[in-house]
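Down below is the structure, laid out as structure tokens.
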Amino acid sequence: MSSNNEACRTDVLKAAASQPLDSQSEKTRSRHEQEEKLILAAWQSMQHSLSKKDSPTPGLPQSFLAKQRRSTQARRARSNLHEQSGSLY
């Protein structure tokens, strides 16, 4: 899949090199706008998937910081369990 993307990029770059400067800047602007749209779509998708995860109080939204605290606490709890189980042997 990445080789197709690389081939497309190479084709775009070759075509852009043969275009006048105005056309190049227009293509660059268009590509930049596409990249921004893709980034926004990825963030929205990630936010949507995170909001679907179970929360401690179903139905109530959580702030970003509250989610970060929960994930940090869960990670620390897991690492403590691993340390305790490792010290038993």
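In table form, for the structure just shown:
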{"read-out": "The one condition in (1) basic (Lys, Arg); (2) open to solvent by 100 Å² or more (accessible area, probe 1.4 Å); (3) at pLDDT below 90 that residue 37 fails to fulfil", "value": "(3)"}
{"read-out": "Flag for residue 68 being modelled with pLDDT of 85 or more and open to solvent by 100 Å² or more (accessible area, probe 1.4 Å)", "value": "no"}
{"read-out": "Residue among 55, 63, 51 that is loosely packed, with under 10 Cβ neighbours inside 10 Å, at pLDDT below 85 and hydroxyl-bearing (Ser, Thr, Tyr)", "value": "63"}
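The values are calculated or read from the model by the stated rules, or taken from the named source; none is laboratory data. What you are looking at is a predicted structure, and each value in this text was computed from that prediction instead of being measured. When we count neighbours, we look across all protein chains shown, and the Cβ atoms used for this are built from the backbone with ideal geometry, even at glycine. Please note that ligands, DNA and RNA were not included when accessible areas were found on the heavy atoms of the full protein model with its side chains. Shrake-Rupley method; radii C 1.70, N 1.55, O 1.52, S 1.80 Å.
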